[in-house]
Amino acid sequence: MPYKELDNGVKRLEILDENGEVDEELEPQIGESRLLEMYKDFVLSRKLDEKIFKMQRRGEAGTYARFKGQEASQIGPAYAMDSEDWFVPSFREGAFWVSRGLSLKKFFRYWMGDEFGHTVEGNNMPLSIPVGSQISHAAGIGIASQVLEKDAATLVYFGDGATSQGDFHSGMNFAGTFNLPVVFLCQNNQYAISTPREKQTAAKSLAQKARAYGFEGIQVDGNDVLAMYKAVKDALNEARQGKGPKLIEAVTYRVTDHTTSDDWTRYRDKEEVKRWKEKDPLDRFESYLKDKSIIEEEKIEEVEDKADEKVEKVAEEAKSMEDPEPEKMFEHVYSETPERLKRQLESLKSAHGGDS
Ligand SMILES: Cc1ncc(C[n+]2csc(CCOP(=O)(O)OP(=O)(O)O)c2C)c(N)n1
(Lines give C-alpha, C1' and ligand atoms only; values in the text may rest on other atoms or scores of the structure.)
Protein backbone atom coordinates (compact mmCIF):
# COMPACT_ATOMS: atom_id res chain seq x y z
CA MET A 1 0.00 0.00 0.00
CA PRO A 2 2.03 2.98 -1.22
CA TYR A 3 -0.02 5.69 0.44
CA LYS A 4 -0.71 6.23 4.12
CA GLU A 5 -4.34 6.93 4.93
CA LEU A 6 -5.09 9.95 7.14
CA ASP A 7 -8.04 9.93 9.53
CA ASN A 8 -10.03 12.05 7.09
CA GLY A 9 -9.68 9.34 4.44
CA VAL A 10 -7.13 11.32 2.45
CA LYS A 11 -4.08 9.46 1.17
CA ARG A 12 -0.63 10.81 1.94
CA LEU A 13 2.65 10.04 0.18
CA GLU A 14 6.07 10.18 1.86
CA ILE A 15 9.20 8.55 0.48
CA LEU A 16 12.27 10.40 1.80
CA ASP A 17 11.95 11.28 5.46
CA GLU A 18 13.49 14.15 7.44
CA ASN A 19 16.62 12.14 8.19
CA GLY A 20 17.23 11.30 4.56
CA GLU A 21 15.94 7.71 5.04
CA VAL A 22 14.22 6.40 1.94
CA ASP A 23 11.31 3.97 1.62
CA GLU A 24 12.89 1.66 -0.92
CA GLU A 25 9.60 0.14 -1.98
CA LEU A 26 8.32 3.52 -3.12
CA GLU A 27 11.58 5.06 -4.30
CA PRO A 28 11.12 6.25 -7.89
CA GLN A 29 13.69 4.99 -10.37
CA ILE A 30 15.56 8.12 -11.34
CA GLY A 31 19.02 7.67 -12.87
CA GLU A 32 22.11 8.96 -11.08
CA SER A 33 22.86 11.70 -13.58
CA ARG A 34 19.27 12.96 -13.35
CA LEU A 35 19.45 12.95 -9.55
CA LEU A 36 22.61 15.03 -9.79
CA GLU A 37 20.87 17.45 -12.16
CA MET A 38 18.04 17.79 -9.65
CA TYR A 39 20.56 18.55 -6.93
CA LYS A 40 22.25 21.20 -9.07
CA ASP A 41 18.83 22.80 -9.61
CA PHE A 42 18.22 22.82 -5.86
CA VAL A 43 21.49 24.65 -5.24
CA LEU A 44 21.03 27.05 -8.15
CA SER A 45 17.47 27.84 -7.06
CA ARG A 46 18.53 28.66 -3.54
CA LYS A 47 21.31 30.94 -4.77
CA LEU A 48 18.91 32.62 -7.18
CA ASP A 49 16.39 33.26 -4.42
CA GLU A 50 19.10 34.69 -2.14
CA LYS A 51 20.44 36.92 -4.88
CA ILE A 52 17.12 38.53 -5.79
CA PHE A 53 16.37 39.03 -2.11
CA LYS A 54 19.67 40.90 -1.67
CA MET A 55 19.05 42.92 -4.81
CA GLN A 56 15.69 43.97 -3.41
CA ARG A 57 17.39 45.10 -0.21
CA ARG A 58 19.78 47.23 -2.27
CA GLY A 59 16.96 48.74 -4.29
CA GLU A 60 17.88 46.81 -7.44
CA ALA A 61 14.68 44.72 -7.52
CA GLY A 62 11.08 45.32 -6.49
CA THR A 63 8.92 43.48 -3.95
CA TYR A 64 9.97 39.84 -4.09
CA ALA A 65 8.25 36.61 -2.98
CA ARG A 66 10.88 34.12 -1.82
CA PHE A 67 10.46 30.37 -2.38
CA LYS A 68 13.25 29.13 -0.07
CA GLY A 69 12.22 25.88 1.63
CA GLN A 70 9.63 25.05 -1.03
CA GLU A 71 12.10 23.80 -3.66
CA ALA A 72 11.13 20.11 -3.38
CA SER A 73 7.50 20.94 -4.22
CA GLN A 74 8.76 22.49 -7.43
CA ILE A 75 11.82 20.58 -8.61
CA GLY A 76 10.21 17.13 -8.26
CA PRO A 77 7.15 18.14 -10.35
CA ALA A 78 9.28 19.92 -12.97
CA TYR A 79 11.22 16.69 -13.54
CA ALA A 80 7.96 14.75 -13.72
CA MET A 81 6.61 16.87 -16.54
CA ASP A 82 6.94 16.53 -20.33
CA SER A 83 7.93 19.56 -22.35
CA GLU A 84 4.52 19.51 -24.07
CA ASP A 85 2.70 19.71 -20.74
CA TRP A 86 1.53 23.14 -19.63
CA PHE A 87 3.06 24.88 -16.61
CA VAL A 88 0.73 27.42 -15.06
CA PRO A 89 2.48 29.16 -12.17
CA SER A 90 1.45 31.36 -9.33
CA PHE A 91 4.25 33.71 -8.17
CA ARG A 92 6.39 31.55 -5.88
CA GLU A 93 7.74 28.92 -8.24
CA GLY A 94 11.31 30.05 -8.88
CA ALA A 95 12.75 26.55 -8.41
CA PHE A 96 10.30 25.11 -10.94
CA TRP A 97 11.37 27.88 -13.30
CA VAL A 98 15.01 26.75 -12.91
CA SER A 99 14.25 23.06 -13.46
CA ARG A 100 11.99 23.78 -16.39
CA GLY A 101 14.97 25.52 -18.02
CA LEU A 102 13.20 28.86 -18.40
CA SER A 103 15.22 32.04 -18.85
CA LEU A 104 16.82 33.16 -15.59
CA LYS A 105 17.42 36.58 -17.09
CA LYS A 106 13.68 36.95 -17.57
CA PHE A 107 13.10 35.80 -14.00
CA PHE A 108 15.41 38.55 -12.74
CA ARG A 109 13.84 41.11 -15.03
CA TYR A 110 10.34 40.19 -13.88
CA TRP A 111 11.20 40.96 -10.26
CA MET A 112 13.04 44.08 -11.39
CA GLY A 113 9.70 45.32 -12.69
CA ASP A 114 10.16 44.64 -16.39
CA GLU A 115 7.34 43.04 -18.36
CA PHE A 116 10.01 41.37 -20.51
CA GLY A 117 10.04 38.84 -17.68
CA HIS A 118 6.53 37.89 -18.71
CA THR A 119 7.46 36.79 -22.21
CA VAL A 120 8.08 33.13 -21.36
CA GLU A 121 8.35 30.57 -24.13
CA GLY A 122 6.90 27.14 -24.86
CA ASN A 123 3.97 25.68 -22.97
CA ASN A 124 4.57 27.87 -19.95
CA MET A 125 2.40 30.66 -18.66
CA PRO A 126 3.77 33.84 -17.10
CA LEU A 127 3.65 34.47 -13.34
CA SER A 128 0.24 35.31 -11.95
CA ILE A 129 -0.04 37.76 -9.08
CA PRO A 130 -3.85 37.96 -8.66
CA VAL A 131 -4.35 35.11 -6.21
CA GLY A 132 -6.01 32.07 -7.79
CA SER A 133 -6.73 33.64 -11.18
CA GLN A 134 -4.44 31.15 -12.92
CA ILE A 135 -6.55 28.20 -11.72
CA SER A 136 -9.41 28.95 -14.09
CA HIS A 137 -6.90 29.65 -16.88
CA ALA A 138 -5.52 26.14 -16.31
CA ALA A 139 -9.00 24.66 -16.66
CA GLY A 140 -9.32 26.61 -19.92
CA ILE A 141 -6.04 25.17 -21.18
CA GLY A 142 -7.33 21.72 -20.20
CA ILE A 143 -10.46 22.27 -22.29
CA ALA A 144 -8.32 23.44 -25.23
CA SER A 145 -6.12 20.33 -24.96
CA GLN A 146 -9.25 18.17 -25.06
CA VAL A 147 -10.80 19.98 -28.02
CA LEU A 148 -7.53 19.97 -29.98
CA GLU A 149 -6.89 16.34 -28.96
CA LYS A 150 -3.43 17.19 -27.64
CA ASP A 151 -1.55 14.64 -25.58
CA ALA A 152 -0.62 17.24 -22.97
CA ALA A 153 -1.59 17.68 -19.35
CA THR A 154 -1.61 20.93 -17.39
CA LEU A 155 -0.02 21.51 -14.00
CA VAL A 156 -1.26 24.56 -12.12
CA TYR A 157 0.32 25.95 -8.95
CA PHE A 158 -1.36 27.94 -6.19
CA GLY A 159 -1.13 28.44 -2.44
CA ASP A 160 -3.35 27.47 0.50
CA GLY A 161 -4.84 30.97 0.50
CA ALA A 162 -5.94 30.60 -3.10
CA THR A 163 -8.29 27.74 -2.13
CA SER A 164 -10.62 30.41 -0.69
CA GLN A 165 -10.91 32.18 -4.04
CA GLY A 166 -13.79 31.74 -6.48
CA ASP A 167 -11.35 30.83 -9.23
CA PHE A 168 -10.37 27.72 -7.28
CA HIS A 169 -14.01 26.61 -7.24
CA SER A 170 -14.58 27.41 -10.94
CA GLY A 171 -11.37 25.74 -12.09
CA MET A 172 -11.86 22.61 -9.99
CA ASN A 173 -15.53 22.35 -10.90
CA PHE A 174 -14.87 22.62 -14.64
CA ALA A 175 -12.04 20.10 -14.37
CA GLY A 176 -14.23 17.57 -12.55
CA THR A 177 -17.28 18.07 -14.73
CA PHE A 178 -15.40 17.79 -18.04
CA ASN A 179 -12.80 15.27 -16.86
CA LEU A 180 -10.00 17.66 -17.82
CA PRO A 181 -6.32 16.66 -17.98
CA VAL A 182 -5.35 19.11 -15.25
CA VAL A 183 -3.29 18.52 -12.09
CA PHE A 184 -3.96 21.08 -9.36
CA LEU A 185 -0.91 21.58 -7.16
CA CYS A 186 -1.56 23.44 -3.94
CA GLN A 187 1.64 24.41 -2.14
CA ASN A 188 0.30 24.52 1.36
CA ASN A 189 3.07 26.58 2.95
CA GLN A 190 0.82 27.10 6.02
CA TYR A 191 0.23 30.84 5.60
CA ALA A 192 -1.47 33.29 3.26
CA ILE A 193 0.52 36.34 4.35
CA SER A 194 -0.41 36.38 8.08
CA THR A 195 -3.45 34.09 7.81
CA PRO A 196 -2.61 30.59 9.08
CA ARG A 197 -3.95 27.53 7.34
CA GLU A 198 -6.38 26.85 10.27
CA LYS A 199 -8.11 30.18 9.59
CA GLN A 200 -8.31 29.47 5.87
CA THR A 201 -10.72 26.55 6.14
CA ALA A 202 -12.38 24.30 8.71
CA ALA A 203 -11.57 21.28 6.51
CA LYS A 204 -8.96 18.93 7.99
CA SER A 205 -6.96 18.99 4.78
CA LEU A 206 -6.96 20.96 1.57
CA ALA A 207 -6.65 17.73 -0.42
CA GLN A 208 -10.14 16.59 0.60
CA LYS A 209 -11.70 19.59 -1.13
CA ALA A 210 -11.35 17.68 -4.43
CA ARG A 211 -14.10 15.28 -3.31
CA ALA A 212 -16.69 17.99 -3.69
CA TYR A 213 -15.75 18.28 -7.35
CA GLY A 214 -15.88 14.55 -8.00
CA PHE A 215 -12.21 13.66 -8.16
CA GLU A 216 -9.37 12.62 -5.89
CA GLY A 217 -7.16 14.82 -3.76
CA ILE A 218 -4.01 13.51 -2.08
CA GLN A 219 -1.53 14.94 0.37
CA VAL A 220 2.22 14.73 -0.19
CA ASP A 221 5.18 15.67 1.98
CA GLY A 222 6.08 18.81 0.09
CA ASN A 223 9.65 18.83 1.42
CA ASP A 224 10.28 15.39 -0.06
CA VAL A 225 11.41 15.77 -3.65
CA LEU A 226 11.04 12.05 -4.42
CA ALA A 227 7.43 11.94 -3.24
CA MET A 228 6.61 15.12 -5.14
CA TYR A 229 8.17 13.65 -8.29
CA LYS A 230 6.20 10.42 -8.01
CA ALA A 231 2.87 11.97 -7.09
CA VAL A 232 2.95 14.48 -9.94
CA LYS A 233 4.30 11.99 -12.50
CA ASP A 234 1.50 9.52 -11.71
CA ALA A 235 -1.14 12.27 -11.77
CA LEU A 236 0.05 13.70 -15.10
CA ASN A 237 0.14 10.21 -16.66
CA GLU A 238 -3.39 9.52 -15.50
CA ALA A 239 -4.54 12.91 -16.80
CA ARG A 240 -3.01 12.22 -20.22
CA GLN A 241 -4.72 8.83 -20.30
CA GLY A 242 -8.10 10.51 -19.94
CA LYS A 243 -8.52 9.54 -16.28
CA GLY A 244 -9.25 13.13 -15.31
CA PRO A 245 -7.92 15.71 -12.87
CA LYS A 246 -6.27 15.37 -9.46
CA LEU A 247 -5.57 17.74 -6.59
CA ILE A 248 -2.20 17.41 -4.86
CA GLU A 249 -1.68 19.20 -1.57
CA ALA A 250 2.05 19.63 -1.03
CA VAL A 251 2.53 20.16 2.69
CA THR A 252 5.46 22.50 3.09
CA TYR A 253 6.39 25.74 4.84
CA ARG A 254 7.35 29.30 3.99
CA VAL A 255 10.51 29.74 6.09
CA THR A 256 10.95 33.38 5.09
CA ASP A 257 8.64 36.39 4.94
CA HIS A 258 5.62 36.35 2.63
CA THR A 259 7.34 38.95 0.49
CA THR A 260 10.05 41.52 1.11
CA SER A 261 7.36 43.85 2.45
CA ASP A 262 6.30 41.45 5.22
CA ASP A 263 7.60 40.72 8.73
CA TRP A 264 6.78 37.16 9.87
CA THR A 265 7.86 37.77 13.48
CA ARG A 266 4.57 39.63 13.94
CA TYR A 267 2.37 36.59 13.42
CA ARG A 268 4.29 33.38 14.15
CA ASP A 269 6.67 32.12 16.77
CA LYS A 270 10.32 31.42 16.26
CA GLU A 271 10.05 27.84 17.54
CA GLU A 272 7.62 26.97 14.76
CA VAL A 273 9.92 28.35 12.10
CA LYS A 274 12.90 26.56 13.63
CA ARG A 275 11.01 23.23 13.62
CA TRP A 276 10.28 23.58 9.92
CA LYS A 277 13.82 24.62 9.07
CA GLU A 278 14.87 21.24 10.42
CA LYS A 279 12.78 19.65 7.67
CA ASP A 280 14.73 21.50 5.00
CA PRO A 281 14.25 19.80 1.61
CA LEU A 282 17.76 20.50 0.35
CA ASP A 283 19.51 19.04 3.43
CA ARG A 284 17.30 15.98 3.15
CA PHE A 285 18.04 15.44 -0.53
CA GLU A 286 21.73 16.06 0.06
CA SER A 287 22.01 13.29 2.65
CA TYR A 288 20.09 10.93 0.33
CA LEU A 289 22.57 11.62 -2.47
CA LYS A 290 25.53 11.24 -0.11
CA ASP A 291 24.22 7.83 0.98
CA LYS A 292 24.03 6.86 -2.67
CA SER A 293 27.60 8.16 -3.21
CA ILE A 294 26.34 10.54 -5.90
CA ILE A 295 27.86 13.55 -4.16
CA GLU A 296 30.52 14.22 -1.53
CA GLU A 297 31.90 17.42 0.01
CA GLU A 298 34.16 18.25 -2.91
CA LYS A 299 31.34 17.85 -5.43
CA ILE A 300 29.01 19.95 -3.27
CA GLU A 301 31.55 22.77 -3.25
CA GLU A 302 31.96 22.54 -7.02
CA VAL A 303 28.17 22.65 -7.57
CA GLU A 304 27.87 25.64 -5.24
CA ASP A 305 30.68 27.55 -6.93
CA LYS A 306 29.19 26.95 -10.36
CA ALA A 307 25.76 28.06 -9.16
CA ASP A 308 27.23 31.23 -7.63
CA GLU A 309 29.01 32.00 -10.86
CA LYS A 310 25.89 31.47 -12.94
CA VAL A 311 23.66 33.56 -10.71
CA GLU A 312 26.17 36.44 -10.61
CA LYS A 313 26.60 36.34 -14.38
CA VAL A 314 22.87 36.37 -15.14
CA ALA A 315 22.25 39.06 -12.51
CA GLU A 316 24.83 41.28 -14.19
CA GLU A 317 23.25 40.65 -17.59
CA ALA A 318 19.83 41.50 -16.19
CA LYS A 319 21.11 44.66 -14.51
CA SER A 320 22.82 45.84 -17.66
CA MET A 321 19.56 45.72 -19.65
CA GLU A 322 17.95 49.04 -20.33
CA ASP A 323 14.82 49.68 -18.30
CA PRO A 324 11.62 49.83 -20.35
CA GLU A 325 9.72 53.07 -20.83
CA PRO A 326 6.92 53.29 -18.20
CA GLU A 327 4.45 53.60 -21.10
CA LYS A 328 5.10 49.93 -21.83
CA MET A 329 2.82 48.95 -18.96
CA PHE A 330 -0.17 49.97 -21.07
CA GLU A 331 0.65 47.34 -23.68
CA HIS A 332 -1.04 43.92 -23.75
CA VAL A 333 -3.72 44.93 -21.25
CA TYR A 334 -6.62 45.25 -23.72
CA SER A 335 -6.71 44.27 -27.38
CA GLU A 336 -8.19 47.74 -27.99
CA THR A 337 -7.08 50.37 -25.49
CA PRO A 338 -10.15 52.07 -23.93
CA GLU A 339 -10.38 55.89 -23.97
CA ARG A 340 -9.83 56.08 -20.22
CA LEU A 341 -6.48 54.31 -20.49
CA LYS A 342 -5.51 56.35 -23.54
CA ARG A 343 -5.99 59.50 -21.45
CA GLN A 344 -3.87 58.04 -18.63
CA LEU A 345 -1.17 57.14 -21.14
CA GLU A 346 -1.15 60.68 -22.50
CA SER A 347 -0.85 62.19 -19.05
CA LEU A 348 2.01 59.80 -18.19
CA LYS A 349 3.81 60.76 -21.39
CA SER A 350 3.53 64.46 -20.62
CA ALA A 351 4.68 63.90 -17.02
CA HIS A 352 7.76 62.15 -18.41
CA GLY A 353 8.31 64.84 -21.03
CA GLY A 354 7.68 62.20 -23.69
CA ASP A 355 5.78 62.85 -26.90
CA SER A 356 4.06 66.04 -25.80
C1 LIG B 1 -7.04 38.63 -5.83
C2 LIG B 1 -5.95 39.02 -4.88
N3 LIG B 1 -6.25 39.36 -3.61
C4 LIG B 1 -5.28 39.71 -2.74
C5 LIG B 1 -3.97 39.76 -3.15
C6 LIG B 1 -2.85 40.11 -2.15
N7 LIG B 1 -2.14 38.87 -1.85
C8 LIG B 1 -0.98 38.58 -2.44
S9 LIG B 1 -0.38 37.09 -1.99
C10 LIG B 1 -1.65 36.84 -0.92
C11 LIG B 1 -1.72 35.57 -0.09
C12 LIG B 1 -1.59 34.35 -0.93
O13 LIG B 1 -1.48 33.23 -0.10
P14 LIG B 1 -1.36 31.80 -0.69
O15 LIG B 1 -2.36 31.58 -1.76
O16 LIG B 1 -1.39 30.85 0.44
O17 LIG B 1 0.07 31.79 -1.41
P18 LIG B 1 1.51 32.07 -0.77
O19 LIG B 1 1.72 33.57 -0.86
O20 LIG B 1 1.52 31.58 0.61
O21 LIG B 1 2.45 31.35 -1.65
C22 LIG B 1 -2.54 37.91 -0.95
C23 LIG B 1 -3.76 37.99 -0.13
C24 LIG B 1 -3.69 39.43 -4.50
N25 LIG B 1 -2.46 39.41 -4.99
N26 LIG B 1 -4.69 39.05 -5.33
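The values are calculated or read from the model by the stated rules, or taken from the named source; none is laboratory data. Everything numeric in this text was worked out from a predicted model, so none of it was measured. We place every Cβ from the backbone using ideal geometry, glycine too, and count neighbours over all the protein chains shown.
Every condition in (1) on the phi < 0 side of the Ramachandran plot; (2) in the same structural domain as ALA192 (by TED's automatic domain parsing) is met by SER293 except one, and the failing one is (1). For the stretch 158-171, a residue qualifies if it is more than 9 Å from the ligand (Cβ to nearest atom) and either outside the structural domain of ALA202 (by TED's automatic domain parsing) or of a type in the set (Ser, Thr, Tyr) (or both), and exactly one does: SER170. The C-beta contact set for the stretch 87-99 (first residue within 13 Å of the ligand (Cβ to nearest atom), second residue in a strand (DSSP E or B), distance under 6 angstrom, 6+ apart or interchain) comprises PRO89/TYR157; SER90/TYR157; SER90/PHE158; GLU93/TYR157.
Which residue is surrounded by the fewest Cβ atoms within 10 Å (Cβ to Cβ), if the candidates are limited to the stretch 235-261 and must be within 16 Å of the ligand (Cβ to nearest atom) and not in a loop (DSSP other than H, G, I, E, B)?
If we take residues in the stretch 235-261 being within 16 Å of the ligand (Cβ to nearest atom) and not in a loop (DSSP other than H, G, I, E, B), then VAL251 is surrounded by the fewest Cβ atoms within 10 Å (Cβ to Cβ).
Cβ separations smaller than 8 Å between residues 6+ apart or across chains give the following pairs from the stretch 254-272 residues that are farther than 20 Å from ARG92 by Cα to residues that are assigned to a loop (DSSP other than H, G, I, E, B): ARG266/SER194; TYR267/SER194. Looking only at residues that are surrounded by fewer than 19 Cβ atoms within 10 Å (Cβ to Cβ) and not acidic (Asp, Glu) in the stretch 54-66, which one is nearest to the chain's Cα centre (by Cα)? Of everything passing the filter in the stretch 54-66, THR63 is nearest to the chain's Cα centre (by Cα).
The residue list THR260, THR252, THR177 contains one member that is over 13 Å from GLY69 (Cβ atoms) and under 20 Å from the mean Cα position of the chain (by Cα), which is THR260. Within the stretch 264-287, take every residue that is assigned to a loop (DSSP other than H, G, I, E, B) and within 15 Å of the ligand (Cβ to nearest atom) and give me the one that is surrounded by the most Cβ atoms within 10 Å (Cβ to Cβ). Ranking the qualifying residues of the stretch 264-287, first place goes to ARG268.
Being within 17 Å of VAL182 (Cα to Cα), of a type outside the set (D, E, K, R) and at pLDDT 95 or above is the requirement here; does GLN74 meet it? So GLN74 passes the test.
Applying the set (1) on the phi > 0 side of the Ramachandran plot; (2) surrounded by fewer than 23 Cβ atoms within 10 Å (Cβ to Cβ) to GLY69 leaves exactly one unmet item: (2).
I'd like the residue in the stretch 126-157 that is among the hydroxyl-bearing types (Ser, Thr, Tyr) and in contact (Cβ under 8 Å) with a residue 40 or more places away in the chain and, out of all such residues, is farthest from the ligand (Cβ to nearest atom). Here the answer is SER145. The condition of being within 11 Å of the ligand (Cβ to nearest atom) and more than 30 Å from GLU322 (Cα to Cα) does not hold for TYR213.
Among the residues of the stretch 288-318, those that are assigned to a helix (DSSP H, G or I) and exposed (fewer than 14 other Cβ atoms within 10 Å of the Cβ) comprise ASP291, GLU297, GLU298, GLU301, GLU302, ASP305, GLU309, GLU312, LYS313, GLU316, GLU317.
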